[in-house]
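Undergrad: First, the structure itself, so that you have it in front of you.
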Amino acid sequence: MTNSLLRFVPRGPTLLIVGVLAGLAFPALAGAVRPAMAASIFVIVLGTLLRVNAADFIRTMQQPRFSALLPVVVMLVCPALVGMAARVIGIGPELALAMVLAVCAPPSGGTAAVARMLGLDATIPLAVTLLSMALAPLSVPVLASWFAGMAFDPFELALRLFVLTAGAAGVALVLRQRAAGLLKRHADGIDGLVLAALLIFAISTMAGVRAQIEAEPMAALVCVTLAFACNLALQGLGAALLPGTLAERLGIGLILGNRNVGLVWSALGASASPTMALFFAATQFPIYMTPRLIAFLIRWATPEKATS
């Protein structure tokens, strides 16, 4: 089974789009795989931790621009910029709040895996994502209170993030220590399993989305448009933020643009209005569709090195 998955790894960006569209076209399928969402995140984070070079990861963590500057930009500066932009443009308060809360979320747990799939350096996205997750229990409640007077339980957020990352990190540490040779021999197999987990996760994020779109088609169109605009603007900001290679800058763009919106969404619970829920659902489209665009940009800029 793993060998058959390997044939699809180079087509990963296209498969993510297929996953989103399949979940949208077949609501029963999205609902059926929804319970596997947590397990798929675990596999994504674990697989990425197993495939990132430990020495490179440590070197990245020792650089202040990645270990201090970027997490602050991701978790504090970006939400503030989105909030100010929404007010200047004149977006309604409810939708503006949804945009800010979506960007308050830490980067998606699959960001580093997507970066690897695109042939980018996954070390920086992984390091910044983990540090941003550690900052989230402090930053999200403060920003939510500042913009809307909403209350978040920081301990609940911390627990969710700990469960998301600590288990995978522990398993990765044990496997690296006791099965390093086996991991090296089956490195491609790990990539295939991560791709399968990403596909399952992409499908599961569409659970209930089709019903929301059918109920409010015009509102859905507005939300999807704003979700793409916000994601692409943040990815562009990330790519221009720091000097570096194309791979580094595009990887940073992924960090800024692709957020774990489901974390904030679940923490809000009944406090999330239908409009907010619709925007949160809309954010999943650019997360899984923009990697195809990034793959095209890489191929256009460095055709001899790019992988699709």
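Undergrad: State the number of residues belonging to the range 209-267 that are touching an Asp or Glu at 6+ places or on another chain (Cβ under 7 Å) and either of a type in the set (K, R) or farther than 18 Å from A301 by Cβ (or both).
TA: Of the residues in that region, 1 qualify.
Undergrad: Let me ask another. From the list P125, P71, exactly one residue is touching a Gly at 6+ places or on another chain (Cβ under 6 Å) and either closer than 18 Å to A166 by Cβ or in contact (Cβ under 8 Å) with a residue 60 or more places away in the chain (or both). Which is it? Break it down stepwise before answering.
TA: Working: P71 fails: touching a Gly at 6+ places or on another chain (Cβ under 6 Å).
Testing whether each residue is touching a Gly at 6+ places or on another chain (Cβ under 6 Å) and either closer than 18 Å to A166 by Cβ or in contact (Cβ under 8 Å) with a residue 60 or more places away in the chain (or both) leaves just P125.
Undergrad: Could you please find all residues in the range 65-119 being over 23 Å from A295 (Cα atoms) and among the small types (G, A, S)?
TA: If the condition is that a residue be over 23 Å from A295 (Cα atoms) and among the small types (G, A, S), then S67, A68, A80, G83, A85, A86, G90, G92, A96, A98, A102, A105 are the ones that fit.
Undergrad: Can you report the number of residues in the range 186-205 which are out of contact with any Ser or Thr (no Cβ under 9 Å at 6 or more places or on another chain) and modelled with pLDDT of 85 or more?
TA: Count: 1.
Undergrad: Condition first: surrounded by 14 or more Cβ atoms within 10 Å (Cβ to Cβ) and out of contact with any Ser or Thr (no Cβ under 9 Å at 6 or more places or on another chain). Now tell me which residues in the range 209-221 satisfy that.
TA: Keep residues of the range 209-221 that are surrounded by 14 or more Cβ atoms within 10 Å (Cβ to Cβ), which gives 209-210, 212-213, 216, 219-220.
Answer for the range 209-221, where residues must be surrounded by 14 or more Cβ atoms within 10 Å (Cβ to Cβ) and out of contact with any Ser or Thr (no Cβ under 9 Å at 6 or more places or on another chain): V209, R210, Q212, I213, A220.
Undergrad: Same structure, new question: Hey, among A180, A115, A105, which residue is in contact with a strand residue (DSSP E or B) (Cβ under 6 Å, 6 or more places away or on another chain) and either surrounded by 15 or more Cβ atoms within 10 Å (Cβ to Cβ) or modelled with pLDDT of 80 or more (or both)? Talk me through it step by step, then tell me what you get.
TA: Details: A180 fails: in contact with a strand residue (DSSP E or B) (Cβ under 6 Å, 6 or more places away or on another chain); A115 fails: in contact with a strand residue (DSSP E or B) (Cβ under 6 Å, 6 or more places away or on another chain).
Just a single option satisfies the conditions, and that option is A105.
Undergrad: Another question, then. In the range 149-169, which residues are on the phi > 0 side of the Ramachandran plot and modelled with pLDDT of 75 or more?
TA: Taking the range 149-169 first, the residues on the phi > 0 side of the Ramachandran plot are 149.
Correct list: empty.
The values are calculated or read from the model by the stated rules, or taken from the named source; none is laboratory data. None of the values given here were measured: they were computed from a predicted structure. Cβ: placed from backbone, ideal geometry, glycine included. Neighbour counts: every protein chain shown.
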